[in-house]
Structures are given as structure tokens and as C-alpha cells.
Amino acid sequence: MENFKFEKLRIWHSAMDFGELIFDTSARFPTDEKYNLTSQIRRAADSIALNIAEGSTGQSHKEFRKFIGYSLRSLAEVVTCLHKAKRRKYLNEEEFSSFYSQAFTLMNSIGAFRATLVVKRASKPKEPKT
């Protein structure tokens, strides 16, 4: 069986795992957060892997880098939601620290992968020497 390009990427697998952890943990948030913080953190967490997948189908490294950037922004959104959840006492310090550490590791992995996607720039023609 053939695989899609993104299924071969460790960052995609890590993002998928992280998204499932966020989903499971957010299920414990109060019901009055269902359409607010719970929905927001789940959508942002899912968006990390979704953007990696979408970007991998692009026609260029430049386009893939753009979608990897969206993944990083979604990850930052998740971290902000985690801060909100901690402040609202939906997460204790130990849970928050664990998620924060995982998010930081994922951010570094995604950033390192993004750096490998070299964008070829058209070089300017050199001026003739006179």
C-alpha cells in the first residue's frame, strides 16, 4: 500500500499524537466551555497536523513552508489555550508543564523540518563590468 507523503513525516505523527492528547484532556473541561475554549483548543491542535498534510501536497517548497508556518501558528494558539486552561484551573501545574514541554519539543521539530525546505530564489543577473 502506498502512503501519502505526509504519512512518512515524523512531525505529522507527533502532531497527530499531540492533537489526540489535547482532545482527550479537553473533554474534562467544563461543559460551559464546549463552544469556547474546548472547541478552540481542539481545532487549533487538529490544525497542526492538518496543515502539515495540506502543505505536503503543494507544488513547491515555498508553499510547503507556508503551511508549516500555519502549523507553528496553530501550535502557538494551543499553548495560549493551555495557559487559559491553567488560569481557569482546568489543568493543574503538572499537566500544564507536561503539555507545554511537548508543545515546545513539537515546535522545535517542526521548525527544524521547515528549515530543511530550502526555497530557491531567482538570482539577480549580474551587472556587466565596465
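The values are calculated or read from the model by the stated rules, or taken from the named source; none is laboratory data. Treat the numbers as computed from the prediction; the structure is a model and nothing was measured. Cβ sites come from the backbone with ideal geometry, for glycine too, and all protein chains shown count toward neighbours.
At-a-glance table
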{"quantity": "Some residue of the range 27-36 being among the small types (Gly, Ala, Ser) and closer than 19 Å to Leu75 by Cβ", "calculated": "no"}
{"quantity": "Cross-chain or 6+ apart pairs with Cβ under 7 Å, the range 20-31 first and farther than 17 Å from Arg87 by Cα, then not aromatic (Phe, Trp, Tyr)", "calculated": "Phe23/Arg42; Phe23/Ala45"}
{"quantity": "Thr80, sole failed condition from (1) in contact (Cβ under 8 Å) with a residue 12 or more places away in the chain; (2) over 11 Å from the mean Cα position of the chain (by Cα)", "calculated": "(1)"}
{"quantity": "Boolean, Gln40 is within 16 Å of His13 (Cα to Cα), surrounded by 13 or more Cβ atoms within 10 Å (Cβ to Cβ) and modelled with pLDDT of 95 or more", "calculated": "no"}
{"quantity": "Residue check for Ala112: at negative phi and crowded, with 18+ Cβ neighbours inside 10 Å", "calculated": "no"}
